[in-house]
Amino acid sequence: MKNIGKMSRVELAAFICTHLAKRGIEITLTGGSCVSIYSENQYSSMDLDFIERISAKRKFLAKCLEKIGFYEKDRYFMHPDTELFIEFPPGPLAVGDEPITDIITIETEVGDLKIISPTESVKDRLAAFYFWNDLQCLDQAVLVADNNAINVAEVKRWSLTEGEEEKFEIFLSKLKKD
Amino acid sequence: MLEVLLGSASKEKILLFIASRESGYARQISGFFNIPLTPVIKQLKKLEEGGVIYVEIQGRTKLYKFNPQYSFLKELKQLLSKVLEFYPEETLKELKFNRKRPRRSKKPL
């Protein structure tokens, strides 16, 4: 099997995802790493944020990850062969108060990765812009939207439900026009 | 009232305090309800780790507020608001009294 240190971000995430799925822990990649993947590393995030479908006991999770060389430090899981680290933010898998259902699978030679779709990734980043006024997250949302086919109508629908029409227009104005 | 659901009386008080005043810090919550500080700090940490609240550092104070990205925030607030209806009127008044506008220094009370 490929050494963890030689795996790309997608491969490492897929490897972890498959390893945990075999042990009954279903996880989905969300957050900044999705932006890295969907922008082909134009934005780089060091952490892999996974959300569990149903929370497993932390001890069991740690034990499973220990089998592939990850050790727990504070709230994170680190590995000696990679700078990337894993975090399990509290669930549920949602943007605002809506559950995320648009999840896709990326197949790699070391396993399958469950990841939120580019459209959900845009909403995920926009949520931080809407709720915290985080301008970096706005740029990340634009990056994903410019590099992938996204459902703008769905992003608009969700933005309006969140009462964020003005900020949605800001996002829209930043997108490449082609 | 929610202790049986939340598994902690301190957690209930913390949530009710923040629901009433929009924010709160450990010593303030512990002082208001006259409960020990340690469990309040412990429960605040748990709620923060669970994504229910977040912390804002103001000087040397850790001020806790509801996390606007928490998926069940609307429902949680509704539940807390219902619970507050059952609180004694006097406590409710004190809980909701939260002077926000500045007071001129040396102004006699």
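Points worth noting:
- Listed pairs A:123/A:174; A:73/B:42; A:114/B:46; B:62/B:93; B:11/B:45; B:42/B:93 exceeding 21 Å between Cα atoms: A:114/B:46; B:62/B:93; B:42/B:93
- Taking Lys and Arg as +1 and Asp and Glu as -1, the other residues whose beta-carbon sits under 11 Å from that of residue A:85 total -4.
- A:26, A:11 arranged by Cβ crowding within 10 Å, fewest neighbours leading: A:26, A:11
- Relative exposure of B:64, B:25, judged by other C-beta atoms within 10 Å (fewest first): B:25, B:64
- Where trypsin sites (Lys or Arg not before Pro) fall in DSSP loop in segment A:1-58, at most 11 other Cβ within 10 Å: A:22, A:57
- Counting only aspartates and glutamates at least 8 places from residue B:74 when in the same chain, those with an alpha carbon closer than 13 Å to its own are A:97, A:98, A:162.
- Likely footprinting exposure, A:132, A:158, fewest C-beta neighbours within 10 Å first: A:132, A:158
- Here is how the number arises for the protein assembly as shown: DSSP H runs of 4 or more residues each give -39500 (n - 2.57), the sum is divided by the residue count, and the result at 222 nm is -14000 deg cm²/dmol.
- Within straight-line cross-link reach of residue A:67, lysines at Cα separation under 17 Å, skipping those fewer than 8 residues along the same chain: A:2, A:22, A:57, A:59
- Shown here for segment A:72-178: trypsin sites (Lys or Arg not before Pro) in loop regions (DSSP other than H, G, I, E, B) with at most 15 other Cβ atoms within 10 Å, namely A:75, A:176, A:177.
- Inter-chain Cβ neighbour count for A:88-96, averaged per residue, equals 3 (cutoff 10 Å, partner chain atoms only).
Every number here is computed from the coordinates shown, using simple stated rules; none is lab data. Because the structure is predicted, anything quoted here is derived from the model rather than measured. With ideal geometry, Cβ positions are generated from the backbone for all residues, glycine too; neighbour counts draw on all protein chains shown.
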